[in-house]
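The values are calculated or read from the model by the stated rules, or taken from the named source; none is laboratory data. It should be emphasised that the depicted structure is a prediction, and the values quoted were computed from it without experimental measurement. FYI the Cβ positions are ideal-geometry reconstructions off the backbone, even for glycines, and counts take in every protein chain you see.
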Amino acid sequence: MIDGFLALYIFMLAAFTGKEIIGRVPVILHTPLMSGSNFVHGIVLVGAMIALAEATTPLGMTIGFIGVALGAGNAAGGYVVTERMLEMFKSSKDKK
Amino acid sequence: MATEEMLIWIAKASYFLAAVLFILGIKRMASPVTARKGIVQAGIGMVVATLATFAITGGHNIGLILAGIAIGVIPTWLWGKKVAMTDMPQMVALFNGMGGGSAAAIGAFELFKITDPGHPLPPMVTIGLAVLGSLIGSVSMTGSIIAWAKLDGRMDKRFNFPGQQVFNFLILAAAIVAGLALVAWNVQPWLIVAFFALALAFGILMTLPIGGADMPVVISLFNALTGLAVAFEGYVMNIPALIIAGTVVGAAGTFLTQLMAKAMNRPISGVLFSNFGGGGSGEAIAGSQKSIEASDAASLLYMADKVIIVPGYGMAVAQAQHKIWELSQALIKAGKEVKFAIHPVAGRMPGHMNVLLAEAGVPYDLIADMDDINPEFKTCDVAIVIGANDVVNPAAKTDKSSPIYGMPILNVVDSRQTIVIKRGKGTGFAGIENALFYADNTRLLYADGKEAANQLISELKGIEGGGGRARPQACVRGVDGGG
């Protein structure tokens, strides 16, 4: 188990990172960025997979299965949608 | 044994790599030039982390895991591939809700695990974070689903009943009490079920009264909440990658939510707990709305040197972005300066209009933010407002009794002439009259956005081809009608 204070430090540093990263994003990228960060929290899939692997009871397996399916949906859907949006951003110089 | 340790080491190293790739990926999304690479990078991180997880799970329930992934990935992937660009906001809401649900499921799993006989009781902090992550994740899930249903037009605008806020507050309070009981008193199955039922119900109840125009803020908020829920469950599951990715998203999302709320000049609490249009309706506006035909509007455009186009949610509804760009190209070809002015909260997500214009092929250097474009309206000959309403209403500056007073707006009213493309005489989302529509130099072109753009394009061609048809007259007539 991660030491409580170590976790708190990780939390604090990651929070600052998150704020700093978005502070420099132009408004035109806010939607793709929101969508992109939506994809990134799809990492929850990993937690759900580990939970499901641990499950031994029918209840545990059901809950774990739901978690895996939802997490996978978050990751896959978030990726496709973000990638499609970003694909469209082109400057007038890129055009032939 | 040694191989197993090595696999776990590889998995942990992969999680670290994934965390680095996520942060670099999000950072690259900060510039239009590298944004595409950024999401691909984050995607690689996700694949690495998922594959590594198979190494630690040691093949337990592998069939179930693979089936769960397949059920999650295949439909969302296919759906995400074919959904129209205008529907992106609700898709983001839906996928976000799934993430929240997944975090809540992890919390539920951990809590039910404690109820197994003989299972050691984890430290209170662990139970506390499992409960907190579950609460936030559940609210984010059902709330996002309601947001999706509203944006997708599956649910009628707002749902209000007397005493709603008190009722919602009581549900939330009950959920918190149940959560505290789990942490401090005892982890009982019935209590876990009651806790989740209350948390899920609160997500629905808090989102029901919120209207469509506030959805950008709400989706952004739920996105941040899901991030936090993931971070908390990451602590419970002892996976630092979840803590880092979840926290980064939570912080970025919170900051983005604040930016958006500021752009609307509404505190976040105002978005969540009060309704637009619930207060006064502002001063009555003297004068009348003056309509214009497409042919006369095209004449105005033909004579203009500088045209600013202001798109709003109506453009998305009409799917008019391609036609609008076609019109702009015709104007640019005729030697006119054309720019697009985007209000920060135009549409249903921040930057929603930018995405649609980009889809149509508008280069991003023609698209200007509110602060950059506002001084330019004074030198603009014709402003075209398509499907935008409240974000161009000068009452936000002049009428203290207006519900939107104080909201930053695009200064379209400064433009020499304004053409408003609108389907009918209805008010905007806030339910208030728009003073801009009654201004002497504003003309309303009543038509569907796509249809109107089409007409303007062909009229413009007619003018260019036929040397103009009575355009000064058209202009004079318009002004006379203004009275």
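If B:Val183 meets every condition in (1) over 16 Å from the mean Cα position of the chain (by Cα); (2) among the hydrophobic types (A, V, I, L, M, F, W, C); (3) within 30 Å of B:Phe161 (Cα to Cα) apart from one, which number is that one?
(3)
Name the helices (runs of 4 or more DSSP H) wholly within segment B:256-329 that hold at least 1 residues that are modelled with pLDDT under 70 and within 27 Å of the chain's Cα centre (by Cα)?
Those helices (runs of 4 or more DSSP H) span B:268-273.
Of B:Ile386, B:Ile432, which residue is closer than 17 Å to B:Ser291 by Cβ, in contact with a Pro (Cβ under 9 Å, 6 or more places away or on another chain) and surrounded by 16 or more Cβ atoms within 10 Å (Cβ to Cβ)?
Details: B:Ile432 fails: closer than 17 Å to B:Ser291 by Cβ.
Testing whether each residue is closer than 17 Å to B:Ser291 by Cβ, in contact with a Pro (Cβ under 9 Å, 6 or more places away or on another chain) and surrounded by 16 or more Cβ atoms within 10 Å (Cβ to Cβ) leaves just B:Ile386.
Tell me which residues, restricted to segment B:154-199, are farther than 30 Å from B:Phe112 by Cα, in contact (Cβ under 8 Å) with a residue 24 or more places away in the chain and not hydrophobic (A, V, I, L, M, F, W, C).
B:Lys157, B:Arg158, B:Asn160, B:Gln164, B:Gln165
Which members of segment B:343-383 meet the condition of being surrounded by 20 or more Cβ atoms within 10 Å (Cβ to Cβ), more than 14 Å from chain A (Cβ to nearest Cβ) and not in a helix (DSSP H, G or I)?
Listed by number, the residues that qualify are B:Cys380, B:Val382, B:Ala383.
Being modelled with pLDDT under 85, farther than 30 Å from B:Asp365 by Cβ, facing another protein chain (nearest Cβ under 7 Å) and in a helix (DSSP H, G or I) is true for just one of A:Ala7, A:Ala72, A:Ala53. Which residue is that?
On the way: A:Ala72 fails: modelled with pLDDT under 85; A:Ala53 fails: modelled with pLDDT under 85.
Sole residue among the options that is modelled with pLDDT under 85, farther than 30 Å from B:Asp365 by Cβ, facing another protein chain (nearest Cβ under 7 Å) and in a helix (DSSP H, G or I): A:Ala7.
Of these, B:Phe95, B:Phe109, which one is assigned to a helix (DSSP H, G or I), under 23 Å from the mean Cα position of the chain (by Cα) and modelled with pLDDT of 90 or more?
B:Phe95
Select from segment B:52-74 the residues that are within 20 Å of B:Leu242 (Cβ to Cβ), part of a loop (DSSP other than H, G, I, E, B) and among the small types (Gly, Ala, Ser) and list them in ascending order.
Result: B:Gly58, single match.
Please work out which one of (1) hydrophobic (A, V, I, L, M, F, W, C); (2) buried (at least 24 other Cβ atoms within 10 Å of the Cβ); (3) in contact (Cβ under 8 Å) with a residue 60 or more places away in the chain is the condition B:Phe109 fails and give its number.
Here B:Phe109 meets the rest and fails (3).
Each row is one residue, and each column tells you yes or no for (1) within 13 Å of the chain's Cα centre (by Cα); (2) surrounded by 21 or more Cβ atoms within 10 Å (Cβ to Cβ).
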| position | (1), (2) |
| --- | --- |
| A:Met12 | no, no |
| A:Gly18 | yes, yes |
| A:Leu29 | no, yes |
| A:Ser35 | yes, yes |
| A:Gly42 | yes, yes |
| A:Leu52 | no, yes |
| A:Met61 | no, no |
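Give B:Ile204, B:Ile210 a once-over and let me know the one that is touching a residue at least 24 places away in the same chain (Cβ under 8 Å), more than 10 Å from every other protein chain (Cβ to nearest Cβ) and more than 22 Å from B:Gly107 (Cα to Cα).
When all the criteria are applied, what remains is B:Ile210.
Which condition number in (1) surrounded by fewer than 22 Cβ atoms within 10 Å (Cβ to Cβ); (2) in contact with a Phe, Trp or Tyr (Cβ under 9 Å, 6 or more places away or on another chain); (3) part of a helix (DSSP H, G or I) is the one that B:Ile136 fails?
Going through the list (1) surrounded by fewer than 22 Cβ atoms within 10 Å (Cβ to Cβ); (2) in contact with a Phe, Trp or Tyr (Cβ under 9 Å, 6 or more places away or on another chain); (3) part of a helix (DSSP H, G or I), B:Ile136 breaks only (1).
Would you tally the residues in segment B:219-228 being in contact with a Gly (Cβ under 8 Å, 6 or more places away or on another chain) and either more than 12 Å from A:Val44 (Cα to Cα) or without any contact (Cβ under 8 Å) to a residue 24 or more places away in the chain (or both)? Step through it out loud before you land on a result.
If we filter segment B:219-228 for residues that are in contact with a Gly (Cβ under 8 Å, 6 or more places away or on another chain), which is where we start, we get B:220-228.
Narrowing further to those that are either more than 12 Å from A:Val44 (Cα to Cα) or without any contact (Cβ under 8 Å) to a residue 24 or more places away in the chain (or both): B:220-225.
Residues flagged as in contact with a Gly (Cβ under 8 Å, 6 or more places away or on another chain) and either more than 12 Å from A:Val44 (Cα to Cα) or without any contact (Cβ under 8 Å) to a residue 24 or more places away in the chain (or both) within segment B:219-228 amount to 6.
Here is a yes/no grid of residues against (1) outside any helix (DSSP H, G or I); (2) at pLDDT below 95; (3) surrounded by fewer than 21 Cβ atoms within 10 Å (Cβ to Cβ); (4) among the charged types (D, E, K, R):
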{"residue": "B:Val187", "(1), (2), (3), (4)": "yes, yes, no, no"}
{"residue": "B:Val193", "(1), (2), (3), (4)": "no, yes, yes, no"}
{"residue": "B:Gly203", "(1), (2), (3), (4)": "no, yes, no, no"}
{"residue": "B:Met206", "(1), (2), (3), (4)": "no, yes, no, no"}
{"residue": "B:Ile210", "(1), (2), (3), (4)": "yes, yes, no, no"}
{"residue": "B:Ala213", "(1), (2), (3), (4)": "no, yes, no, no"}
{"residue": "B:Val218", "(1), (2), (3), (4)": "no, yes, no, no"}
{"residue": "B:Leu221", "(1), (2), (3), (4)": "no, yes, no, no"}
{"residue": "B:Ala224", "(1), (2), (3), (4)": "no, yes, no, no"}
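Could you check, for segment B:417-424, whether at least one of its residues is over 12 Å from B:Ile292 (Cβ atoms), within 31 Å of the chain's Cα centre (by Cα) and at pLDDT below 85?
Scanning segment B:417-424 turns up at least one residue that is over 12 Å from B:Ile292 (Cβ atoms), within 31 Å of the chain's Cα centre (by Cα) and at pLDDT below 85.
Mind listing just one residue for me: the one in segment B:75-88 that is part of a helix (DSSP H, G or I) and within 8 Å of chain A (Cβ to nearest Cβ) and, of those, surrounded by the fewest Cβ atoms within 10 Å (Cβ to Cβ)?
B:Lys81
Write out, first by first residue and then by second, each pair whose Cβ atoms fall under 6 Å of each other, whose residues are 6+ apart or on separate chains, and whose first residue, in segment B:11-29, is within 18 Å of B:Gly250 (Cβ to Cβ) and facing chain A (nearest Cβ under 9 Å) while the second is at pLDDT 90 or above and surrounded by fewer than 22 Cβ atoms within 10 Å (Cβ to Cβ).
Matching pairs, first to second residue: B:Ala18/B:Val48; B:Gly25/B:Gln41.
Can we say B:Ala231 is touching a residue at least 24 places away in the same chain (Cβ under 8 Å), among the aliphatic types (A, V, I, L, M) and surrounded by fewer than 22 Cβ atoms within 10 Å (Cβ to Cβ)?
For B:Ala231, the condition - touching a residue at least 24 places away in the same chain (Cβ under 8 Å), among the aliphatic types (A, V, I, L, M) and surrounded by fewer than 22 Cβ atoms within 10 Å (Cβ to Cβ) - is not met.
Condition check: farther than 21 Å from B:His352 by Cβ, part of a helix (DSSP H, G or I) and within 9 Å of chain A (Cβ to nearest Cβ). Does B:Gly100 satisfy that?
yes
If only one of B:Val40, B:Val48 is closer than 15 Å to B:Ile239 by Cα, of a type in the set (Val, Ile, Thr) and either crowded, with 16+ Cβ neighbours inside 10 Å or modelled with pLDDT of 90 or more (or both), which one is it? Steps first, please.
Details: B:Val40 fails: closer than 15 Å to B:Ile239 by Cα.
Of B:Val40, B:Val48, the one residue that is closer than 15 Å to B:Ile239 by Cα, of a type in the set (Val, Ile, Thr) and either crowded, with 16+ Cβ neighbours inside 10 Å or modelled with pLDDT of 90 or more (or both) is B:Val48.
Residues to consider are B:Arg423, B:Arg416; find the one that is out of contact with any His (no Cβ under 7 Å at 6 or more places or on another chain), surrounded by fewer than 24 Cβ atoms within 10 Å (Cβ to Cβ) and within 28 Å of B:Pro209 (Cα to Cα).
Just one listed residue meets the conditions, B:Arg423.
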